[in-house]
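A short write-up of the structure that comes next.
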Amino acid sequence: MAYKAKVCLLGDFAVGKTSLIRRFVEERFDDSYISSIGVKISRKVLHIAAFDQLETTLMIWDLAGGERFDAMMRNYYAGAAGGLLVYDVTRPDTLDSLQRYMRDFTSVNPHAALIVLGNKADLLTSAQLERPSMLDATLGWYPASAKSGLNVETAFATLSTDCYHRSLRR
């Protein structure tokens, strides 16, 4: 059995969306910063054991951060089964922006699965990492690190599973 899902990474500039994708898809990290322009699409096949090794192909859309929600962004979001909302744990203002990304994304995809990643967790101590209180309690949240790989695979696998579950309910 095979399942295919489009997922989008959403968040401000320099929160590490591209680095998270590179860690997940290519299993590597590069600390040089190059700002994303527009959209870049990557692909990764997963096998989900909970569904008898369901083969899931994720089409991962890396969207430039900070852009206004306009017709172009609406087109990028269209048809997505899920989204990873990414913020930088060392920059609280990037967490504040997630409400806007979530609102805009769900206005196009009201049934999409969403997970929040607090990236760059390797830069804080475990005592400093806690689930932000402003997040909706129903959203999954993971402290993550593209550099170390902390929770990157877990977050994408969980999102993939959530997307699949939601597709069965429609």
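Solvent exposure of the chain, expressed per residue, is 50 Å² of accessible area, with all protein chains present and a 1.4 angstrom probe. Shown for the chain: lysine pairs separated by 8 or more places, or found on different chains, whose C-alpha atoms are under 24 Å apart, numbering 15. Placing dummy labels 7 Å off each Cα toward the beta-carbon, the span from THR90 to ALA64 is 2.5 nm. Heavy-atom surface analysis with a 1.4 Å probe gives the chain a carbon and sulfur content of 52 percent of its accessible area.
Modelled spin-label separation between GLN53 and ARG103, with each label point placed 7 Å from Cα along the Cα-to-Cβ direction: 4.6 nm.
The values are calculated or read from the model by the stated rules, or taken from the named source; none is laboratory data. Since this is a predicted model, take the numbers as computed values, not measurements. Cβ atoms come from the backbone with ideal geometry, glycine included; neighbour counts cover every protein chain shown. Just the protein is used for accessible areas: all its heavy atoms, side chains included, with ligands, DNA and RNA removed. Shrake-Rupley method; radii C 1.70, N 1.55, O 1.52, S 1.80 Å.
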